[in-house]
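Working notes, beginning with the structure itself.
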Amino acid sequence: MDIGLSVTTAHPRSADARTAAGWVVERAAAAREAGFASFSVGDHHATSGHYLQNVPILARCLAELGTMPVYPLFLLPLWHPVLLAEQIGTLAAVAQGPLHCIVAAGAGREQFAALGASERDRAERMEEGLPLLRRLLREDGVSHEGKRWSLREVSLNPKPATPPQFWIGADVKVAIRRAARLGDAWLAGPGETEEALRTKLAWYTEALASAERQAALSVFPLRRDVYVGESDAEAEATAAPLVAAGYRGFDPSVLIVGGADAAIAKLQELETLGFNHVMIRFLPVGQQKILASIRRVGAEVVPALRSSA
């Protein structure tokens, strides 16, 4: 199993924005040193708090990440395919290692309205946008006449030397089946219980079989929120206020909270279900505890999962 780092770029208005940006960069450097397998940042717009936008913050983090694969997430319906392809092409030129992407339909009336889009059109924009985006990143002189976009002989440069993979984040059946048809992987969400994961993984594998794509796909990624502490007791005490407050509305069983051995055991359970790349996001327990936890994962968790492969 591979372990990647998904870093939140959302911070309250009470935080200093430059300090928050520094936290993200520090976590990127720590993840590289710890031997993580991937690095990811998210996408959101028109927020009440600070939200460090994915393209510029990732560009800064690339200076710290070396050849680590990176997976920026984009809410595809909120981007024009030409603009997004240009951003991806430039990021790929800056990156020393592979650059791939996570795309999702997104949600939230406020952010869609702020960008002149409608949530009702999300599915159509995903269906039309992703194939068009792939073409723009591979071909010159792209012409397209669709319901949402019309292009005439459009070329963009630079193009990635290797076309990126696109993982699709989805949580409902129709979207998971779309991921099987259009994506290079389905990315399961951090709030899914084990029971839900079993059900949704079955939907995905059935859709792969229907599309005759089983042999083409080898990565089964998942997101999880974690805190790996000095011990089970320290981790549980540190996380307790967040869990008691109903952290992200999640069932507490989906959180990975404990010492290294407990984290290894929970990750191995996910591997048994069929997931082989877990992107972990740390609970907001403070920068120093998070940096220490990143180092702990690199020193104890990552080697244990590699040795059990």
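Summary table below
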| read-out | value |
| --- | --- |
| Largest-first ellipsoid semi-axes for the stretch 70-154, taking √(5λ) over the Cα gyration tensor eigenvalues, angstrom | 22, 18, 10 |
| Where labels lie 7 Å past Cα in the beta-carbon direction, separation of E119 and R152 in nm | 3.7 nm |
| In degrees, nearest ten, helix 287-296 long axis to first principal axis of the chain (Cα) | 90 degrees |
| FRET efficiency for H80 and D261, using Cβ-Cβ distance with R0 set to 51 Å, rounded to 0.05 | 0.60 |
| Per-residue HN-Hα couplings for the stretch 201-207 [Karplus 6.51, -1.76, 1.60; θ = phi - 60°; Hz; x = Gly/Pro] | 5, 5, 4, 5, 5, 5, 5 |
| Values of log10 I(q)/I(0), in the order q = 0.12, 0.18 Å⁻¹, for the stretch 1-143 under a Debye, Cα-only, solvent-free model | -0.52, -1.10 |
| The stretch 90-214: C-alpha gyration tensor shape, a/c 1.5 cut-off, then a/b vs b/c | prolate |
| Net lengthening on full extension, V25/R213 (0.36 nm per residue, minus Cα-Cα) | 63.9 nm |
| Label assignment, Kirkwood radius over Cα pairs in Å derived from the structure, set (i) 20.1; (ii) 21.8; (iii) 22.6 | (i) |
| Anisotropy class of the stretch 204-309 from Cα gyration tensor, a/c 1.5 cut | prolate |
| Angle in degrees between helix 17-34 and the longest Cα principal axis of the chain, rounded to the nearest 10 | 80 degrees |
| Stokes-Einstein D for the stretch 155-222, Kirkwood Rh over Cα pairs, 10 °C, 1.306 mPa s (µm²/s) | 125 µm²/s |
| List H100, H50, ordered by accessible area with a 1.4 Å probe, largest first | H50, H100 |
| A244-A107 FRET efficiency (beta carbon distance; Förster radius 22 Å; 0.05 resolution) | 0.25 |
| Label-point gap, in nm, between A237 and V94 - each point 7 angstrom along Cα→Cβ | 4.2 nm |
| Mean Cβ neighbour count within 10 Å, used as a protection proxy, ranking 106-112, 242-248 highest first | 106-112, 242-248 |
| Relative contact order for the stretch 104-202, counting Cα pairs under 8 Å that sit 6 or more residues apart, in percent | 19 percent |
| Modelled FRET efficiency - R0 41 Å, R198 with S143, Cβ distances, 0.05 increments | 0.40 |
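The values are calculated or read from the model by the stated rules, or taken from the named source; none is laboratory data. Just so it is clear, the structure is predicted and the values come from calculations on it, not from any experiment. Note that each Cβ is placed from the backbone with ideal geometry, even for glycine, and that neighbours are counted across all protein chains shown. Just the protein is used for accessible areas: all its heavy atoms, side chains included, with ligands, DNA and RNA removed. Shrake-Rupley method; radii C 1.70, N 1.55, O 1.52, S 1.80 Å.
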